[in-house]
């Protein structure tokens, strides 16, 4: 079984058949797109493009939609928090004297929320379409240091384990009558009370897993700085090089357009 466990989703799709280095360049370019815009309109365009790739080219379907549900609470909290800090623009609604929703505050809240959502979906598509061995090969071809490669791969490997621990802790707290339930609205109402009851146990579990992993690697004589002697880089085809060049060129053009025209950016101060 792949070391990525439940993270990798097996599909017979065009996106899965791409060279992992192309998928990595695609991932990096879209992260840059997400970073240079904070207006909801370009973020929505990016969201549509990501969903076309994830649902169409990668055929991820329900696994990708399930990942999106994990970001709902973050998106809602972000949309509610940003109007507290952005007071420029026309006033739309005065909820309290200290909570005034302005046009820039509303647009920034929606844009920043979509930033979180888009970044999460792009990362999910990349790791759900890339096997562990492909991930390692890709990072080695880009000359990343071996300690960084192994750190990233191990973190991805333990995402399903941490998600399972999170679910087990939530169910244990509910059995004890702690009341961490009620959907998104209920969790938001008890946000400050419930989060410590989850984060403290999950932190302890993660530290225990990290300690066991370190002991296991040490007992096997693992050296993070050593590269396998039989490692061989597979050459890219001409069409694959052209696709990578297209992604890089498009990224440079879009970032240059944003910097020159200022389109798609709301001043935060």
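Below is a table of values for the structure above.
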read-out	value
Selection count, region 124-155, where residues are modelled with pLDDT of 85 or more and out of contact with any helix residue (DSSP H, G or I) (no Cβ under 7 Å at 6 or more places or on another chain)	1
Number of the exception - residue 32 against (1) buried (at least 17 other Cβ atoms within 10 Å of the Cβ); (2) in contact with a helix residue (DSSP H, G or I) (Cβ under 6 Å, 6 or more places away or on another chain); (3) under 28 Å from residue 243 (Cα atoms)	(1)
From 110, 92, 136, residue being free of Cβ contacts under 8 Å to residues at least 60 places away in the same chain and either outside any helix (DSSP H, G or I) or under 18 Å from residue 37 (Cα atoms) (or both)	92
Conditions (1) in contact with a helix residue (DSSP H, G or I) (Cβ under 9 Å, 6 or more places away or on another chain); (2) outside the structural domain of residue 14 (by TED's automatic domain parsing); number of the one not met by residue 121	(2)
In region 56-98, residue modelled with the highest pLDDT [restricted to those that are surrounded by 15 or more Cβ atoms within 10 Å (Cβ to Cβ) and closer than 12 Å to residue 121 by Cα]	60
Every pair of residues 6+ apart whose Cβ atoms lie under 9 Å, when the first sits in region 140-151 and is over 23 Å from residue 235 (Cβ atoms) while the second is modelled with pLDDT of 80 or more and surrounded by 12 or more Cβ atoms within 10 Å (Cβ to Cβ)	148/139; 150/136
Answer from 108, 69 - the residue that is more than 30 Å from residue 234 (Cα to Cα) and out of contact with any helix residue (DSSP H, G or I) (no Cβ under 7 Å at 6 or more places or on another chain)	69
Residue count, region 43-89 (criterion: assigned to a loop (DSSP other than H, G, I, E, B) and either free of Cβ contacts under 8 Å to residues at least 60 places away in the same chain or over 17 Å from the mean Cα position of the chain (by Cα) (or both))	8
Pair list, Cβ under 9 Å, 6 or more apart: region 167-178 residue farther than 14 Å from residue 205 by Cβ, other residue at pLDDT 70 or above	178/172; 178/197
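The values are calculated or read from the model by the stated rules, or taken from the named source; none is laboratory data. All of these numbers come straight from a predicted model, not from anything done at the bench. Heads up, the Cβs are rebuilt from the backbone with ideal geometry, glycines too, and the neighbour counts pull from every protein chain shown.
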